[in-house]
Amino acid sequence: MATATAQPAKDEALLELQRRMLRQMLLVRRFEEKAAEAYALGKIGGFCHLYIGQEAVAAGSLAALRDDDYVICSYREHGQALVRGVPANAVMAELFGKATGCSRGKGGSMHLFDVSRRFMGGHAIVGGHIPLAAGLGFAIKYRGGDQVCLCYFGEAAVNIGVFHEALNMASVWKLPIIFCCENNRYGMGTAFERVAAVTDVVEHACSYDMAAELVNGMDAMAVYGATERAAERARKTGHPTLLEVRTYRFMGHSMSDPLHGVYRTKEEVEEQKKRDPISQLALKLKEEGALDDPALDALDAEVRAVVEAAVQFADQSPDPDLAELTSHVLVE
Amino acid sequence: MPTLTYRDALNQALREEMQRDPSVFLMGEEVGVYQGAYKVSRGLLEEFGPMRVVDTPIAELGFAGVGVGAAMAGLRPVIEFMTWNFAVLALDQIVNSAAKILYESGGQVPIPIVFRGPNGAALQLAAQHSQAWESWLAHIPGLKVVAPATPADAKGLLKAAIRDDNPVIVLEGEMLYNTKGDVPEGEHVVPIGKADVKRAGTDVTLICHSKTVVPALKAAEQLQEQGVSAEVVDLRSLRPMDEETLVASVVKTNRCVVAEEGWPHCGIGAQVVDIIQREAFDSLDAPVLRVTQADVPMPYNKQLERAAKPSPEKIVAAARRVCYLD
């Protein structure tokens, strides 16, 4: 009878996981929409790369991680930071360049850090953080730990030499890393197939004798499942995994880029929006009777309030003291 | 005090620091089984095993990044480059990761890492293998840069570098590895940021670092025979730079020559001259002169190579000019 009672509990846990992921994805979506507004108002400067459309990747993959695992990202990392639990206030304040930001206003959109959550930064040279992930994995192995390092990068980083250097070392040294390639099809305005001889990123794993999986990045549960398998492999055997997660960004490359641009058609973007990962997960939960419209509306209202409060918090926070200019250049 | 080669002094520093702190490890090309391209890591694989003495593929950018990542997690990597000429491939990790992560994280993530290896010209290795990179590296905030000239300083500065919580560049000299000198046993740590007066004098200051300390000391001997008392100041640390010691010497001698292995344009000597004109302007009796590598890629031919490098003769000639003897 144990199985009969365990089954509904497992289902309930799974539904709970999906509801949690749905909330995280909605939070990211509303956060990014507000970030776009704030950017237009001049509250956010510099480069600002939004995550709208790709939310299922962060939500699905991070759900498979433990608190003591490492996470490292490229410069399109607002979503990962929020899902990892960096408070929306601290992320928005960082975008606003304020002293209360998660990097004290010194990193900005592309350099969100929170070591208390082992969130080891956004890094802004394409591919430059991939060997850093290998180093975090090396440190785990050096200390005999069973943590993993989850590293996000876009498909365009696959054309960078150090991607290959890092994957080779991770495999030859058996480092517990999940290389999560978020293939959103365009490196800025260049379609991947125009610049890559091998367009299935997973194929690169063969060169490094590495496990790999092709994943639907619009399905949070698919991303969760693949990441969980990769994490288990890393914890049990130390072996790295390459995940190619097919996703799509509904916005431009950055805020200085129009919505669809000249490199892709409006029709293509609209077609992709039909695969919206948030709508898909919400629909799935509704079909399973685990969510209804009032509950979804309430969830949306709740995350909107979180984001609204974050904007107010960021707005009202002070700029860093001028003395911050010269602090943290070196450890004194 | 035991006499050691520069190579063995570095080896001793590595061994002692690895014994002292289990978070210190050495990584690079040929550091383990081969015992080091220049044998600096001789015996370390046998003593510490392959997890702490790690042979890498030829992938400078990759393993430099692995080092920085390991430092982000709190380990203390020592990354050996077979030469700094190859480290140019790793500059993205040195400049964009190691030097910046502390700052861009608002102080959350220190990077306690050492990047070390031979720098500057050896003999007839031609253009790509005969370059001095210190002005490139010392330009970058977030890095410390040291360039020891003697076995004792090599040991003491490498130990200081490994214990430092910041990224430290240690520039060694291939032509120095066999030089010998007295090296204190055990705990001998040379603080980063302190120059050293290698020879006292009264008439002219010769400022140098790393390999150019050797020709500068020879030049000082030749000048002594010509009745000129030269003071030789070894910078030892290029970032931070010990302005106080430089300025004190020039205030005493009123004349200065700066020698370096790098090219003249935007070189380390240019920075030294900036300090001296600003802090010792009223003490100068002559413009400061510089002795550098000729402003050309290094030629292979032995005679041309000799003509390109700083030498005792070139330093003597510059010293005589600032003393208005020629």
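All of the numbers you see were taken from the coordinates with simple rules; none came from a lab. If you're wondering where the values come from, they're calculated on a predicted model, not measured in any experiment. Heads up, the Cβs are rebuilt from the backbone with ideal geometry, glycines too, and the neighbour counts pull from every protein chain shown.
Structural remarks
- Cβ-Cβ distance of residue A:116 and residue A:36, R₀ of 30 Å, FRET efficiency by 1/(1 + (r/R0)^6): the value works out to about 0.60.
- Leading residue at positive end of dipole, chain B (Cβ point charges), from B:62, B:219, B:110: B:219
- Placing dummy labels 7 Å off each Cα toward the beta-carbon, the span from residue A:159 to residue B:33 is 3.6 nm.
- Short to long, the 10 Å bins of the Cα pair-distance histogram for the stretch A:14-88 hold 19, 51, 24, 6, 0 percent of all pairs.
- Cα centre as origin, Lys/Arg/Asp/Glu Cβ charges: the stretch B:85-190 dipole, Debye: 60
- As an equivalent ellipsoid, chain B spans semi-axes of 33, 20, 19 angstrom, where each value is the square root of five times an eigenvalue of the C-alpha gyration tensor, largest first.
- Label zone at residue B:88, where the point sits 7 Å out along the Cα-to-Cβ direction: the stretch B:111-128 residues whose backbone N lies under 13 Å: B:120-121, B:126-128
- Gaussian network model of chain A, Cα within-10 Å springs - most flexible of A:262, A:86, A:198: A:262
- Share of pairwise Cα separations in the stretch B:3-182, more than 25 Å, in percent: 25
- Mean projected area (nm²) of the alpha-carbon convex hull when the protein assembly as shown is viewed from all directions: 33.8
- Value in Å of the Kirkwood radius, where the stretch B:196-322 supplies the Cα pairs that are averaged: 14.3
- Candidates A:278, A:309, A:207 compared by Cα position along the dipole of chain A: farthest toward the positive end lies A:207, with charges placed on Cβ.
- Using alpha-carbon coordinates, inclination of helix B:213-225 to the longest axis of chain B, degrees: 20
- Take every DSSP beta bridge whose two residues both sit in the stretch B:196-322; close to 20 percent of them are antiparallel.
- Per-residue average of Cβ from other chains inside 10 Å of B:92-103: 5
- Of all beta bridges that DSSP places with both ends in the protein assembly as shown, some 15 percent have antiparallel geometry.
- Förster radius 30 Å - calculated FRET efficiency between residue A:67 and residue A:327, Cβ distance, rounded to 0.05: 0.55
- Of every Cα-Cα pair in the stretch A:86-166, the percent that sits beyond 21 Å: 39
- Residues listed by number, the stretch A:178-195, amide nitrogen under 13 Å from residue A:268 label point at 7 Å toward C-beta: A:184-195
- At R0 = 51 Å, FRET efficiency that the Cβ-Cβ distance of residue A:209 and residue B:200 yields, to 0.05: 0.25
- Helix B:60-72 and the longest principal axis of the Cα set of chain B meet at an angle near 70°.
- Percent antiparallel among DSSP beta bridges (both partners in chain A, rounded to 5): 10
- Fewest-first ranking of A:278, A:130, using other Cβ atoms within 10 Å as the exposure measure: A:278, A:130
- Which of B:253, A:190, B:179, A:265 has the fewest Cβ neighbours within 10 Å, and the rest in rising order: A:265, A:190, B:179, B:253
- Relative to the current alpha-carbon distance between residue A:279 and residue A:293, full extension at 0.36 nm per residue lengthens the span by 3.9 nm.
- Ranked by how many other Cβ atoms sit within 10 Å of their own Cβ, fewest first, the residues B:214, A:311 fall in the order B:214, A:311.
- Of B:69, B:267, B:227, the residue with the greatest mean-square motion in the GNM of chain B, using alpha carbon springs below 10 Å, is B:227.
- Taken as Cα centroids, the stretch B:179-212 and the stretch A:216-269 sit 55 Å apart, rounded to the nearest whole angstrom.
- The simple spin-label model puts a point 7 Å past each Cα toward its Cβ; for residue B:3 and residue A:14 those points are separated by 7.8 nm.
- Taking the Kirkwood radius as Rh and the Cα radius of gyration as Rg, chain A has a ratio of Rg/Rh equal to 0.96.
- Spatial separation of Cα centroids for the stretch A:88-122 and the stretch A:277-330, in angstrom: 14
- Fluctuation leader among B:145, B:40, B:168 - chain B, Gaussian network, Cα springs under 10 angstrom: B:40
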